[in-house]
Amino acid sequence: MKPAASMAAIALICYASPTLAAGNADDGAELVESQCRTCHVSDTMPQPAGGPPGFRDIIQGHKLSRNQFRRYVTEPHYPMPPKPLSLSQIDDLVAYFERAGYWP
């Protein structure tokens with residue numbers, strides 16, 4: 001099985017249960033700043049034409065639930081380069097985006 005498919009399968013198994021792991025929003029914020037903001041703009045910055053979408057646009061534009069977002073970040077999607085994240089890092093991102101109000 002390819003590494004990306006393995007990671008997606010692990011994420012699906014881990015997040016199929018109704019009890020979800022709690023992430024650390026501060027760690028999620030640091031992860032966004034260190035690995036994501038070089039390409040993805042923040043909500044307060046205008047998005048350049050043809051550039052990668054902002055995080056709110058990804059989550060709300062695709063109407064992604066928390067679990068769908070978890071799967072989304074484990075699956076490669078062009079033109080984003082592979083960014084292998086641990087399950088705890090994904091939980092941290094979810095916690096950060098929850099704190100930012102991206103989900104109702």
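Do you know which of the residues in region 66-86 that are closer than 18 Å to Arg56 by Cα and either of a type in the set (Phe, Trp, Tyr) or in contact with a strand residue (DSSP E or B) (Cβ under 8 Å, 6 or more places away or on another chain) (or both) is surrounded by the fewest Cβ atoms within 10 Å (Cβ to Cβ)? Of everything passing the filter in region 66-86, Tyr72 is surrounded by the fewest Cβ atoms within 10 Å (Cβ to Cβ). When region 54-84 is filtered for residues that are without any contact (Cβ under 8 Å) to a residue 40 or more places away in the chain and either among the hydrophobic types (A, V, I, L, M, F, W, C) or assigned to a helix (DSSP H, G or I) (or both), the ones remaining, listed by number, are Asp57, Ile58, Gly61, Leu64, Gln68, Phe69, Tyr72, Val73. Just checking, does region 32-41 include any residue being within 15 Å of Ser88 (Cα to Cα), modelled with pLDDT of 80 or more and not polar (S, T, N, Q)? For region 32-41, residues within 15 Å of Ser88 (Cα to Cα), modelled with pLDDT of 80 or more and not polar (S, T, N, Q): present. Just one of the listed residues (Ala49, Ala21) is modelled with pLDDT under 85, among the hydrophobic types (A, V, I, L, M, F, W, C) and within 19 Å of Glu98 (Cα to Cα), namely Ala21. Contact annotation: residue pairs with Cβ atoms under 7 Å, 6 or more positions apart or on different chains, pairing a residue in region 22-34 that is on the phi < 0 side of the Ramachandran plot with a partner that is crowded, with 18+ Cβ neighbours inside 10 Å and among the β-branched types (Val, Ile, Thr), are Gly23/Val94.
The values are calculated or read from the model by the stated rules, or taken from the named source; none is laboratory data. None of these values were measured; they are calculated from a predicted model. No Cβ is skipped: glycine too gets one built from the backbone with ideal geometry, and neighbour counts run over all protein chains shown.
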